[in-house]
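Read the structure below first, then the notes.
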Amino acid sequence: MAKLTTAARKSMPKSEFGLPGKKAYPMPDKSHAANAKARASQAVDEGRMSKGTKSKIDAKADRVLDKGRDKEASHPASHDEFERLGRD
């Protein structure tokens with residue numbers, strides 16, 4: 001996952017967050033979107049978040065993850081291809 005500095009996070013528009021009102025769950029790229037989904041699931045499992053809130057985060061993350069992806073895309077063919085996914 002790419003490093004997200006404090007300055008970069010502060011300069012991000014609210015629309016790039018899973019919870020824009022709180023500026024929580026930043027999703028500037030695919031790796032952060034996947035991480036946001038995982039952290040939201042963890043929060044639900046621990047009773048710190050409702051399933052409805054998780055659904056909002058997942059929907060935003062899915063849009064980030066699908067951005068630019070061909071609907072016919074398949075599993076990455078190599079480890080290098082997998083590594084490049086988070087750098088798009």
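The values are calculated or read from the model by the stated rules, or taken from the named source; none is laboratory data. In this text the structure is predicted, and so the values were computed from the model without any measurement. Counting neighbours? That spans all protein chains shown, and the Cβs are built from the backbone with ideal geometry, glycine included.
Quick look at the numbers
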| read-out | value |
| --- | --- |
| Test: P28 is closer than 19 Å to K67 by Cα and free of Cβ contacts under 8 Å to residues at least 24 places away in the same chain | no |
| Only listed residue being surrounded by 10 or more Cβ atoms within 10 Å (Cβ to Cβ) and modelled with pLDDT under 95, chosen from A38, A24, A8 | A8 |
| Criterion: at pLDDT 75 or above and among the small types (G, A, S) - qualifying residue of G86, G52 | G52 |
| Failed criterion for D29 (all others in (1) under 16 Å from A2 (Cα atoms); (2) at pLDDT 95 or above; (3) of a type outside the set (S, T, N, Q) hold) | (2) |
| Top-ranked residue of region 55-83 - restricted to ones that are in a loop (DSSP other than H, G, I, E, B) and either of a type in the set (K, R) or within 13 Å of A34 (Cβ to Cβ) (or both), ranked as modelled with the lowest pLDDT | K71 |
| Scan of region 42-54 for residues that are assigned to a helix (DSSP H, G or I) and closer than 18 Å to K23 by Cα, ordered by number | A43, G52, T53, K54 |
